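The values are calculated or read from the model by the stated rules, or taken from the named source; none is laboratory data. The structure displayed is predicted, hence computed values, not measured ones. So basically every Cβ, Gly included, is an ideal-geometry build from the backbone, and we count neighbours across all protein chains shown. Only protein heavy atoms, including side chains, enter the accessible area calculation; ligands, DNA and RNA are left aside. Shrake-Rupley method; radii C 1.70, N 1.55, O 1.52, S 1.80 Å.
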Amino acid sequence: MLSEYKNKLLISIITVVKNNEKTIESSIKSVLNQTYSNIEYIIIDGASTDGTVDILNKYDEKITYWCSESDKGIYDAMNKALSISTGDYVYFLGSDDVLSKTDTITSVANFIAQNQSNHQNSMFYGDVFNKSLNRLKKQPNSTLTFAYLNICQQSIFYNREMLLRQGSFDIRYTISADHAVNLKLWSLGSLYMPIEICKYAGDGVSSFSYDQLFAKQRNLLILSSLGIFPFFFQLLIKPIHLIFKSLVPEKLYRFLINVGFSR
């Protein structure tokens, strides 16, 4: 067994969940059915009161580690899992999302292995299929685009050590801690992978909620992380974006934004 894993990247897949008995089993199966063998699978449950824990017990022997306990929110749970993980790269799969194909992690691991160098990238990221819009959502491919739109977290494989060095996820941000850490990591090396990573719900809390603290600090984070030109670019685009958003129906707006900022 050790010889099989000796030269293979260890990928930690992390899922945090609370009261999601309807979809968690499909998410689990999409991980367990992967053809890639060197996976560490961690699930942190936030003291669910529905049937979620029963499903976790059902797969107890196939999950590397899981627990069910109260926490301070999604990013606190993610930090718990991150502190337990030992993988070279970590990936956060939502409890209502599924990996796109059975060989997704194989494709990702091969891509990372082929593109590693003396300078390790902090993030490798691909594309995701938005189930609510029924279309592939491609991710930002330049610093200018990234200055305005975050990378979908379900598309990112983080270098675990570099993520930990950045302080993991700041739980002061209620829904945008991933955006904050992505800004810190971007300049340390981010590489796009032409791979569809997962099929995600697309209607999670971040699609309709507002992170007040992040909104206050966003411009400063962009300026300090990406530089002055991307900072001014996103300032220019923002009022145009807001006017556009006010003129079109919400579903059409979300569709056009996804198309307009695709690669």
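Once the stretch 53-74 is narrowed to residues that are among the polar types (S, T, N, Q) and farther than 21 Å from Tyr91 by Cα, the residue that is modelled with the lowest pLDDT is Ser70. Kindly indicate whether Leu183 is open to solvent by less than 30 Å² (accessible area, probe 1.4 Å) and at pLDDT 90 or above. When the stated conditions are applied, Leu183 passes them. Return yes or no: is Leu220 open to solvent by 30 Å² or more (accessible area, probe 1.4 Å) and either outside any loop (DSSP other than H, G, I, E, B) or over 20 Å from Ile74 (Cα atoms) (or both)? For Leu220, the condition - open to solvent by 30 Å² or more (accessible area, probe 1.4 Å) and either outside any loop (DSSP other than H, G, I, E, B) or over 20 Å from Ile74 (Cα atoms) (or both) - is met. Taking the condition out of contact with any Asp or Glu (no Cβ under 7 Å at 6 or more places or on another chain), of a type outside the set (Asp, Glu), touching a residue at least 40 places away in the same chain (Cβ under 8 Å) and open to solvent by 10 Å² or more (accessible area, probe 1.4 Å), does Asn38 pass? It is true that Asn38 is out of contact with any Asp or Glu (no Cβ under 7 Å at 6 or more places or on another chain), of a type outside the set (Asp, Glu), touching a residue at least 40 places away in the same chain (Cβ under 8 Å) and open to solvent by 10 Å² or more (accessible area, probe 1.4 Å). For the stretch 16-29, a residue qualifies if it is closer than 21 Å to Ile74 by Cα and out of contact with any Asp or Glu (no Cβ under 7 Å at 6 or more places or on another chain), and the qualifying residues are Val16, Lys22, Ile24, Glu25, Ser26, Ile28. Taking the criterion of being open to solvent by less than 80 Å² (accessible area, probe 1.4 Å) and assigned to a strand (DSSP E or B), the residues of the stretch 61-77 that qualify are Trp66, Cys67, Ser68.
Scanning the stretch 89-99 for residues that are over 29 Å from Asn219 (Cα atoms), part of a loop (DSSP other than H, G, I, E, B) and of a type outside the set (S, T, N, Q) yields Asp96, Asp97. Annotation: Lys58 fulfils all but one of (1) touching a helix residue (DSSP H, G or I) at 6+ places or on another chain (Cβ under 9 Å); (2) farther than 13 Å from Glu25 by Cα; the unmet one is (2).
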